[in-house]
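Here's the structure we're looking at; comments come further down.
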2 protein chains.
Amino acid sequence: MGNSLGPVALVGAGGVASALGEAFAQAGIGIASVYSRTREHAELLAGRFGAEAFWGNGFGVNQPAALTVVASTDTAIVDLLGRVAEGGIVVHTSGSTSLPTLPAVPTGVFYPLQTFTLGRRISLEGVPIFIEGSTRKVEQILSDYARAIGARPIPASSSKRRHLHLMGVVGCNFVNALLGACEQIAQCGELDPHVITPLLHETIQKWLDIGAHAAQTGPAKRRDEFTLMRHRVLLSEELPDLIPLYETLSELIVRAHAEARDEA
Amino acid sequence: MGNSLGPVALVGAGGVASALGEAFAQAGIGIASVYSRTREHAELLAGRFGAEAFWGNGFGVNQPAALTVVASTDTAIVDLLGRVAEGGIVVHTSGSTSLPTLPAVPTGVFYPLQTFTLGRRISLEGVPIFIEGSTRKVEQILSDYARAIGARPIPASSSKRRHLHLMGVVGCNFVNALLGACEQIAQCGELDPHVITPLLHETIQKWLDIGAHAAQTGPAKRRDEFTLMRHRVLLSEELPDLIPLYETLSELIVRAHAEARDEA
């Protein structure tokens, strides 16, 4: 599949750079080069696209591209942005870093709201990519790149992106931590943790359909002190490390439903 | 569709009783009667199946069935079980209540690990139903009822069911509370909360594929203090009620990944 969008330089070789690189390549967009701090990572990812590899201090000399994607850790972004060659649009992929400002270079943000783990193949189909650009034209081009890989471009200011990043942490990192807690409980009960899968899917679907307040169920919502106490006993006997989690989340639910109960 | 399984009496007319009743009826299993504390609820649900309705103190006189399902609140179960007519198997659907013991009546537990909200239609296809019976024969029959509605019967002792119930709370009630927190953050940022949906689905799929420890990402895992601090600032400015949630979950992730970091 051909594509009129110009080639991309990837700065970074981790989960985000790999996933975006794969998606661009599949959409027929050329990957011109891959940079990583380490030679091994740069060559590994570049090899998948037949792209040039750069590493260490070899970056910033001569790899202009239509779009340079800085997909590194937040702390490395500033350093790397300062070394980007002129010649195209330069973006980073961070949810919590402001729009970059570079002299005489059009810049932007290309933030996919998704969780990336190196080595895991992932589709970007339907994934929201939050777009910000130093000009309206840059935003249009970034939206074209997002649409080319099947993603859903959404304009978002740096301020909104702060909220998005926090939502991502709560909706992914914290949900995953809860799933880790489920694994611990399952292990104590000698159960398969995956038995909760249909429950998880219905929890999300119900939330989409009716919102969290109407979807809430369980002993904390009902203020069923007897059941809450039985859970506390189980946790203190077998999994005391999970008690703060249990108390904090139960309290959050109790508070969210205190008014409804007082009204009833 | 006909079915050789005998008719069911429903004791309760809430989310669980409605969902099980619908599923039984669709599988060709007769619904003989519906009991609720209030006449309105009993007649409403019984009307959907052409079943007899009982309410208030009218229960326990003359409604024998092959299977009597007590799907009431945990606190009402004991009272209702004591009033059940002889003639078939009597089960409750509670995750946190022991196997009932009734003189001369075969008893069991029929606990679907799912979240039910009255008025919401839900498929029980593939949903695990945890089965316990006063005899092996009872367990076989309960498994037949579960399979007839497309669910997945799994034998589980009362002790294991305590763990299952707690897993259900963490994987459903607590996940829903996190989704409620996402709604609050989205509202502050004037964003659509549903943009996190692809992220949620990938979070669950990644957990299924590689487990919570390998799937974990985010600032707490990386101990990225700068990002954690920016989130804390945002929360203290706009959503201070969510600070305990943020601290507790971040701490849980930090602890789960402390060893990996120390090893690295």
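Annotation: lysines with alpha-carbon distance below 17 angstrom to residue B:206 (same-chain offsets under eight excluded): B:221.
Here segment B:155-231 is treated with +1 on each Lys and Arg Cβ and -1 on each Asp and Glu Cβ, and its dipole about the Cα centre works out to around 540 debye. When +1 charges are put on Lys and Arg Cβ atoms and -1 charges on Asp and Glu Cβ atoms, the dipole computed for segment B:119-264 relative to its Cα centre reaches about 840 debye.
Angle of helix B:175-188 to the longest C-alpha principal axis of chain B, folded into 0 to 90 degrees and rounded to 10: 50°.
So if I take the centroid of the Cα atoms in segment B:226-255 and the same for segment A:192-217, what is the distance between those two points in Å? Centre-to-centre distance over Cα atoms comes out at 24 Å.
Sorted fewest first by neighbouring Cβ atoms within 10 angstrom, A:170, B:195, B:91 come out as B:195, A:170, B:91. How tilted is helix B:158-168 with respect to the longest principal axis of chain B? Cα atoms for both, answer in degrees (0 to 90, nearest 10). The angle comes out at about 50 degrees.
The mean number of partner chain beta-carbon atoms within 10 angstrom of a residue's beta-carbon across peptide B:92-105 is 1. Of all DSSP bridge pairs formed entirely within segment A:8-156, close to 20 percent run antiparallel. Once a ≥ b ≥ c are taken as the square roots of the eigenvalues of the Cα gyration tensor of the protein assembly as shown, is the result rounded (a/c under 1.5), prolate (a/b larger than b/c) or oblate (a/b not larger than b/c)? Prolate shape, in that a/c is at least 1.5 and a/b is the bigger ratio. Only one residue of A:109, A:47, A:78 has its Cα farthest out toward the positive end of the dipole of segment A:38-167, where Lys and Arg carry +1 and Asp and Glu -1 on Cβ, and that residue is A:109.
Spherically averaged projected area of the convex hull of Cα atoms, chain B: 17.7 nm².
Take every pair of alpha-carbon atoms less than 8 Å apart whose residues are at least six positions apart; their mean separation over the length of chain B yields a relative contact order of 12 percent.
Springs between Cα atoms under 10 Å define the GNM used for chain A, and in it the highest mean-square fluctuation of A:41, A:165, A:201 occurs at A:201. How far is helix A:15-26 tilted off the main Cα axis of chain A, in degrees rounded to 10, range 0 to 90? So the helix axis and the longest Cα principal axis differ by about 60 degrees. Ascending distances from the residue B:44 label point to its copies in the other chains, with the point 7 Å along the Cα-to-beta-carbon line: 5.8 nm. Secondary-structure-derived ellipticity at 222 nm for chain A, considering helices only, amounts to -14500 deg cm²/dmol, per-run term -39500 (n - 2.57) for DSSP H runs with n ≥ 4. With label points defined 7 Å past Cα in the direction of Cβ, position residue B:75 shows copy-to-copy spacings of 5.3 nm, given to one decimal and shortest first. Inter-chain neighbour count for B:222-231: the average number of beta-carbon atoms from partner chains within 10 Å of each residue's beta-carbon is 3.
Springs between Cα atoms under 10 Å define the GNM used for chain B, and in it the highest mean-square fluctuation of B:254, B:34, B:16 occurs at B:254. Nearest 5 percent is fine: what portion of the DSSP beta bridges confined to chain B is antiparallel? Of the beta bridges lying entirely in chain B, close to 20 percent run antiparallel.
About its Cα centre, chain B has a charge dipole of approximately 760 debye under the convention of +1 per Lys or Arg Cβ and -1 per Asp or Glu Cβ, with nothing else charged.
Rg over Rh for segment A:1-121 works out to 0.92, using Cα positions for both radii and the Kirkwood form for Rh. Taking the centroid of alpha carbons for each part, segment A:1-42 and segment A:124-172 are 18 Å apart. For chain A, modelled as a GNM whose springs connect Cα atoms under 10 angstrom apart, the maximal fluctuation among A:230, A:83, A:147 occurs at A:230.
If a/c stays under 1.5 just call it rounded; otherwise compare a/b with b/c (prolate if a/b is bigger, oblate if not). Do that for segment B:162-263, with a ≥ b ≥ c from the square roots of the Cα gyration tensor eigenvalues. In terms of gyration-tensor shape, oblate. Inter-copy label distances at residue B:87, 7 Å along the Cα→beta-carbon direction, one decimal in nm, shortest first? Label point to label point, same position, other copies: 8.5 nm.
Read-outs throughout are calculated quantities, based only on the coordinates presented, and are distinct from any laboratory measurement. Here the structure is a predicted model, which is why all the values come from computation and not from measurement. Neighbour counts are summed over all protein chains in view; Cβ atoms, including those assigned to glycine, are modelled from backbone coordinates with ideal geometry.
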